[in-house]
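Right, one structure below, let's go through it.
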Amino acid sequence: MRATNFEHINDDECRQFQDAVELAGRKWNAAILLAGARGARRFSEYRESIDSISDRLLSARLRELELEGLIERDVTPTTPVMISYTPTEDGRRLITLMHPLVLWGRNRAVKTPSALSA
């Protein structure tokens, strides 16, 4: 594999990259975004798609992703009120960028299953 020269990346871009990685890598955020990409729209669909997440934490993460502009919350004034969550354009762009990492993780799991189960 050829080494890439990163000398053109300045300190501000490094900080922006770090902020982006921390947001995407915060526990459950990637799982929530990927669930949205797979078609989850309502809170219960997200909860069913993501094992072991509590309602409280899912709610907090959805709010956070909405504030960051990665998830859009849509309220339909019906009885009962229907609330749906969908990835925004920026959210879909991030999901697209995460796809190679998902593939890398899948390949790594096949090569080193014992290392990943520890």
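No lab work stands behind these numbers, since they all come straight from the coordinates. Being a predicted model, the structure only gives us computed values, none of them experimental. Because the Cβ atoms are built from the backbone with ideal geometry, glycine has one as well, and the counts that use them run over all protein chains shown.
Quick look at the numbers
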{"read-out": "Most mobile listed residue (Ile53, Ile32, Ile83) in the chain, GNM with C-alpha springs under 10 Å", "value": "Ile83"}
{"read-out": "Cα long-axis angle, helix 11-25 against the chain (0 to 90 degrees, to the nearest 10)", "value": "50"}
{"read-out": "With at most 14 other Cβ atoms within 10 Å, longest stretch of the chain clear of loop trypsin sites (Lys or Arg not before Pro) (DSSP)", "value": "43-118"}
{"read-out": "Structure-derived Rg/Rh (Cα atoms, Kirkwood Rh): which label, when the choices are [x] 1.05; [y] 0.97; [z] 1.09", "value": "[x]"}
{"read-out": "Within the chain, helix-based [θ] at 222 nm, where runs of 4 or more DSSP H residues each add -39,500 (n - 2.57), nearest 500", "value": "-18500 deg cm²/dmol"}
{"read-out": "Distance-filtered residues of segment 11-26 - backbone nitrogen under 19 Å, label point 7 angstrom along Ser54 Cα→Cβ", "value": "26"}
